[in-house]
Amino acid sequence: MEVVSVFLKPELKNPKASELCQSIKTVLGIDVERVAMAQVYRIYKKLSPQKLKRVAEKVLLDPVSETAKGAEKSFDWCLEIGLKEGLTDNLGLTAQISIEDFLKEPFKAGESVRSSIRYFLKGKLTQKEVRRIGEELLANRLIEEIRVEKLGERLYKTIDLPEDPKELLEISRSRQLALNLDEMQAIRNHYASLQRAPTDVEIEAIAQTWSEHCKHKIFQAKIRYLEDGKETLIDSLFSTYIKKATALIAKETGDWLVSVFKDNAGIVRFNGTTFLTCKVETHNSPSALDPYGGALTGILGVNRDILGTGTGSKPIANMDVLCFAPPDYTGVIPEKLQHPKRVLKGVCKGIEHGGNKSGIPTVNGALVFDQRFLGKPLVYCGTIGLMAARVGERGTETKEIQEGDWIVLAGGRTGKDGIHGATFSSEALHAESPTSAVQIGDPFTQKKLSDFLIDAQKKGLYRTLTDNGAGGISSSVGEMALITNGCEIHLEKVPLKYPNLAPWEILVSESQERMTLAVGEETKDQLQNLADFHEVEIAFIGNFTKTGLFHVLYEKQTVALLTLDFLHAGAPQLELEAETAKSLPIKTPLPPSDFKRDLHELLLRYTICSKESIVRQYDHEVQGASSLKPFVGIKSDGPGDASILWPIELQKEKKGIVVSNGICPRFSDLDAYAMGANALSEAICNQVAVGANPSKIAILDNFCWPDPIFDPEKTPDGKHKLAQLVQTTQALYDGATLLKTPIISGKDSMKNDYQIGSIKISIPPTLLITAVGEIPDVEKAVSMDVKEAGDLIYVLGLTKGELGGSEYFGLKNLKGGAPPSVDYLLLKKECDALFSAMQKECIASCHDCSEGGLGVALAESSFAGGLGLEIDLKKIPVDGLLSDAEILFSESAARFVITVDPKRQKEFENEMQGLPFAQIGVVRGDAQFIIKTVFSEDLFKLKESWQSPLRSI
């Protein structure tokens with residue numbers, strides 16, 4: 001960007017400036033000494049100094065009365081007024097046309113001229129007074145924005161860190177650093193040893209790097225865990241349970257696991273020439289303040305995680321799992337929050353625009369509803385990618401950088417949007433949560449960036465790359481610098497959306513559609529030429545070094561000088577306490593039931609009902625890879641258990657990619673271990689139900705938790721919530737190791753609370769498990785819809801009296817009861833048997849049982865196939881003496897509804913030997929849904945109940 005400022009020559013009087021000076025005094029009562037003005041043109045096109053000088057003198061100013069040299073330094077404040085982004089700038093457009101005519105050189109796409117006016121003010125004014133001048137005398141707030149700059153200030157500020165703990169915490173609060181007292185004291189002690197105060201740039205870089213969002217401090221903490229009086233010391237939940245589980249499994253998997261826990265996404269080997277990459281992120285806090293923008297940048301951000309994995313991976317599919325308060329919520333909406341229906345619509349629109357406009361299909365997801373998500377919605381965004389195992393002679397899974405390599409910023413420009421996003425997401429939503437922390441996404445810019453990066457990777461024009469997500473340049477360059485042990489960044493070289501950003505703002509801004517590349521000198525010019533071809537802006541903003549330093553400069557002046565060791569390893573480890581006592585399930589008596597009415601009402605519940613009206617907004621066909629789609633059945637409206645992708649790049653063989661998920665936060669109220677176990681079980685069952693190979697399933701974990709750090713005032717139940725986190729990670733460890741499903745990536749989002757005044761809303765502890773697997777032959781995929789009249793209906797798995805936390809208990813407003821337990825060894829045997837039967841093609845349909853139990857699973861399979869069923873509850877395998885309500889609506893884990901052609905009955909039953917299974921009924925040729933001796937109902941009336949609740953969304 002080039003800037004030309006046009007002033008009236010000093011010997012000439014400017015009547016507009018004089019009039020403004022008088023108005024400031026008389027209208028606003030503000031004492032100002034002098035006012036000057038300049039017309040400003042920002043030229044978003046690279047021009048040599050000689051060309052720029054000619055353009056200024058011959059095109060943009062009148063040499064008789066105007067000059068490009070002003071006396072800005074003699075003033076105290078600069079007030080700039082310009083049109084908001086996206087509005088037509090007629091003066092800028094006229095200037096652009098004039099420059100094109102003068103240079104005989106047309107502007108390319110993305111190149112433009114923007115105009116604004118700068119007002120220079122002399123006097124003892126406050127920033128508030130200067131902004132008031134802009135708001136009340138100069139700007140049309142509907143279409144123009146105001147920028148204020150104090151002239152003559154240093155490029156950075158130093159921040160004195162006092163001894164007093166309260167004052168230290170006030171610095172953290174006022175600057176939105178989200179650092180605790182131990183961390184602030186560690187910073188103060190570090191700078192005391194250096195005998196200097198930190199700069200604001202250094203403080204912001206440290207806060208970003210040490211944020212809960214980036215550092216995952218709770219998962220890395222030392223935890224004193226007390227359960228029923230027995231104490232266990234845990235040094236890092238991540239190392240003890242998650243990383244260890246995968247390490248144990250990796251010993252048995254050969255070279256299938258390529259890269260885990262050390263890159264932007266997990267990498268597994270799909271075949272001899274192709275890697276599969278996968279990442280799931282959350283964007284909860286931004287989506288609470290701006291549902292559309294938060295979700296849009298969430299999906300675009302996780303796309304960039306895939307683009308930035310290894311030396312670059314191509315995104316081929318998106319996933320979204322969303323948790324909201326019910327859209328028919330009628331209670332009070334607390335300050336800063338929006339109605340759940342508005343949040344739902346905004347989030348869904350953001351995901352639609354992010355995926356559809358980027359040309360990436362959305363193939364899998366879920367929607368969960370609970371009133372506690374009013375305080376913060378949960379917005380899980382995931383992406384799967386493909387990556388060639390080698391490019392030329394080099395493997396693509398590792399990141400390599402050499403000393404002297406250029407730091408290159410590619411994509412969108414940097415602005416104030418997203419500043420403090422990392423620290424903002426590390427706190428509860430409160431009265432001072434800044435809306436500026438929500439980033440502004442642009443799918444079209446990202447699509448161009450993506451195409452450029454894929455092309456550049458094939459040509460070998462960069463060594464490695466990463467995305468600019470949380471923490472922006474500070475995070476991306478700070479992490480890449482660990483590879484060479486140093487970096488030097490020149491912030492004035494960063495392309496900006498607009499001027500007057502402070503150096504610290506440039507460093508930590510989370511403006512979207514930006515990637516950071518490491519580029520050798522030998523390919524620098526080729527990369528620039530390719531960027532020009534793709535019309536993507538790139539900037540060479542520094543170099544990687546071996547100094548051990550994170551060195552940041554602005555206009556040749558050092559504004560931050562930190563050792564990488566202190567930046568990345570200087571944060572004190574949290575020491576936390578968790579405490580719980582196990583309690584026996586409370587036996588809850590069941591009320592009398594009208595089972596037909598109950599089934600209708602369950603199908604009407606938001607978590608169970610059809611999500612087709614929402615999911616159909618997403619393109620799941622783009623890229624032409626969908627083999628088994630989100631909706632299946634005779635009318636393509638049945639809820640598939642998982643999606644199967646068969647990308648064009650992989651069609652030399654029939655092997656496909658299976659994508660599924662599991663989430664059940666309602667169980668955490670009773671037993672957090674059960675919640676984690678059932679989330680894992682559901683994700684695996686959904687995989688196997690469509691034909692995935694159970695020995696080739698990898699999983700990703702995403703924990704979303706209310707604040708689990710004890711504070712007697714803010715979180716008096718913090719020890720219990722932390723104990724729930726411990727129990728859930730233990731469940732994940734147990735399940736992953738017994739099922740042999742390695743965890744390849746994950747993320748945690750803590751502090752999912754809302755607290756303003758006396759109102760506090762905390763989400764239920766929630767674990768999402770995303771599963772990515774393989775199906776050896778996509779032509780052997782199995783869907784959940786019944787196929788033919790006369791087919792035999794089976795149930796595989798044991799039904800127990802486990803209604804605790806169920807949708808049925810929710811419907812009846814009942815508490816207590818036992819949540820489902822998971823027998824991992826039995827589940828593994830069931831999965832192996834199902835896979836074998838599906839490979840022999842003796843299963844017609846298969847559907848996982850989850851929300852609503854067998855009653856809902858049977859109804860879904862029935863109306864997806866358009867055929868009725870006749871079921872005998874007495875034949876269903878059960879544990880103990882169960883009531884009809886328990887058999888129909890218990891949500892016991894590891895169960896499947898299966899239909900089989902009578903000709904394949906013997907073969908199927910041979911495969912199931914030794915497992916709890918039974919033939920329980922038959923597929924009818926009409927539309928009658930019959931539970932013998934209990935009730936019968938017209939199938940399409942059940943379907944109408946299921947489809948109606950969200951139809952208008």
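The values are calculated or read from the model by the stated rules, or taken from the named source; none is laboratory data. Since this is a predicted model, take the numbers as computed values, not measurements. With ideal geometry, Cβ positions are generated from the backbone for all residues, glycine too; neighbour counts draw on all protein chains shown.
Structure data summary
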quantity: Near pairs, Cβ below 7 angstrom, 6+ apart or cross-chain, from the range 843-854 (assigned by TED's automatic domain parsing to the domain that holds GLU788 and free of Cβ contacts under 8 Å to residues at least 12 places away in the same chain) to any residue that is surrounded by fewer than 24 Cβ atoms within 10 Å (Cβ to Cβ) and in a helix (DSSP H, G or I); calculated: none
quantity: The range 559-602 - residue that is within 23 Å of SER236 (Cα to Cα) and without any contact (Cβ under 8 Å) to a residue 40 or more places away in the chain and, of those, nearest to the chain's Cα centre (by Cα); calculated: ALA569
quantity: Subset of the range 285-315 (residues that are surrounded by fewer than 24 Cβ atoms within 10 Å (Cβ to Cβ) and either within 20 Å of TYR754 (Cα to Cα) or of a type in the set (A, V, I, L, M) (or both)); calculated: LEU289, ASP290, TYR292, GLY293
quantity: Scope the range 56-83; condition within 45 Å of the chain's Cα centre (by Cα) and either surrounded by fewer than 12 Cβ atoms within 10 Å (Cβ to Cβ) or part of a strand (DSSP E or B) (or both); matching residues; calculated: LYS73, TRP77, CYS78, LEU79, GLU80, ILE81, GLY82, LEU83
quantity: Verdict on LYS416 being surrounded by fewer than 18 Cβ atoms within 10 Å (Cβ to Cβ), basic (Lys, Arg) and either under 19 Å from the mean Cα position of the chain (by Cα) or modelled with pLDDT under 95 (or both); calculated: no
quantity: Close pairs from the range 76-105: first in contact (Cβ under 8 Å) with a residue 12 or more places away in the chain, partner of a type in the set (Gly, Ala, Ser) and part of a helix (DSSP H, G or I), Cβ under 8 Å, at least 6 apart; calculated: LEU79/GLY134; ILE81/GLY134
quantity: Qualifying residue in the range 455-476 (condition: touching a residue at least 12 places away in the same chain (Cβ under 8 Å), of a type in the set (Val, Ile, Thr), more than 22 Å from GLU403 (Cβ to Cβ) and assigned to a helix (DSSP H, G or I)); calculated: no
quantity: Selected residue (criterion: surrounded by the most Cβ atoms within 10 Å (Cβ to Cβ)) from residues of the range 28-55 that are part of a helix (DSSP H, G or I) and in contact with a Leu (Cβ under 8 Å, 6 or more places away or on another chain); calculated: VAL55
quantity: Sole residue being more than 26 Å from PHE75 (Cα to Cα), over 34 Å from the mean Cα position of the chain (by Cα) and assigned by TED's automatic domain parsing to the domain that holds TRP77, chosen from LYS122, LYS128, LYS104, LYS108; calculated: LYS104
quantity: Unique match (being buried (at least 21 other Cβ atoms within 10 Å of the Cβ), under 19 Å from GLN919 (Cβ atoms) and of a type in the set (Gly, Ala, Ser)) among GLY804, GLY855; calculated: GLY855
quantity: Among residues of the range 156-209, those that are in contact with a strand residue (DSSP E or B) (Cβ under 7 Å, 6 or more places away or on another chain), touching a residue at least 60 places away in the same chain (Cβ under 8 Å) and of a type outside the set (Val, Ile, Thr), counted; calculated: 3
quantity: Unmet criterion (only one of (1) over 30 Å from LEU811 (Cα atoms); (2) assigned by TED's automatic domain parsing to the domain that holds PHE889; (3) of a type outside the set (Phe, Trp, Tyr)) for LEU599; calculated: (1)
quantity: Pairs where the first residue, in the range 511-529, is on the phi > 0 side of the Ramachandran plot and the second is of a type outside the set (Lys, Arg) and part of a helix (DSSP H, G or I), C-beta under 8 Å, 6+ apart; calculated: GLU513/LEU300; GLU513/THR445; GLU513/GLN446; GLU513/LEU449
quantity: Matching residues, the range 608-643, being of a type in the set (Ser, Thr, Tyr), assigned to a loop (DSSP other than H, G, I, E, B) and buried (at least 20 other Cβ atoms within 10 Å of the Cβ); calculated: SER610, TYR618
quantity: Entirely in the range 722-769, the strands (runs of 3 or more DSSP E) that have 2 or more residues that are touching a Leu at 6+ places or on another chain (Cβ under 7 Å) and surrounded by 24 or more Cβ atoms within 10 Å (Cβ to Cβ); calculated: 743-749
quantity: Flag if LYS349 is of a type in the set (D, E, K, R), surrounded by fewer than 24 Cβ atoms within 10 Å (Cβ to Cβ) and modelled with pLDDT under 90; calculated: no
quantity: Selected residue (criterion: farthest from LEU803 (Cα to Cα)) from residues of the range 648-665 that are surrounded by fewer than 24 Cβ atoms within 10 Å (Cβ to Cβ) and out of contact with any Asp or Glu (no Cβ under 7 Å at 6 or more places or on another chain); calculated: LYS652
quantity: Pair list, Cβ < 7 Å and 6+ apart or interchain, from the range 41-53 residues that are more than 14 Å from PRO495 (Cα to Cα) to residues that are modelled with pLDDT under 85; calculated: LEU47/GLU2; LEU52/GLU2
quantity: Residue within the range 317-324 that is outside any strand (DSSP E or B) and within 17 Å of the chain's Cα centre (by Cα) present; calculated: no
quantity: Verdict on ALA518 being among the small types (Gly, Ala, Ser), in a strand (DSSP E or B) and closer than 26 Å to PRO315 by Cβ; calculated: yes
quantity: Out of LEU854, LEU834, sole residue that is in a helix (DSSP H, G or I), under 23 Å from HIS600 (Cβ atoms) and touching a Leu at 6+ places or on another chain (Cβ under 9 Å); calculated: LEU854
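Residues are listed down the side, and each one gets a yes or a no for (1) crowded, with 24+ Cβ neighbours inside 10 Å; (2) touching a helix residue (DSSP H, G or I) at 6+ places or on another chain (Cβ under 9 Å); (3) modelled with pLDDT under 95:
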site: THR464; (1), (2), (3): no, yes, no
site: GLY472; (1), (2), (3): yes, yes, yes
site: GLY486; (1), (2), (3): no, yes, no
site: ASN500; (1), (2), (3): no, no, yes
site: SER509; (1), (2), (3): yes, yes, yes
site: LYS524; (1), (2), (3): no, no, no
site: LEU530; (1), (2), (3): no, yes, no
site: LEU549; (1), (2), (3): no, yes, no
site: LYS556; (1), (2), (3): no, yes, yes
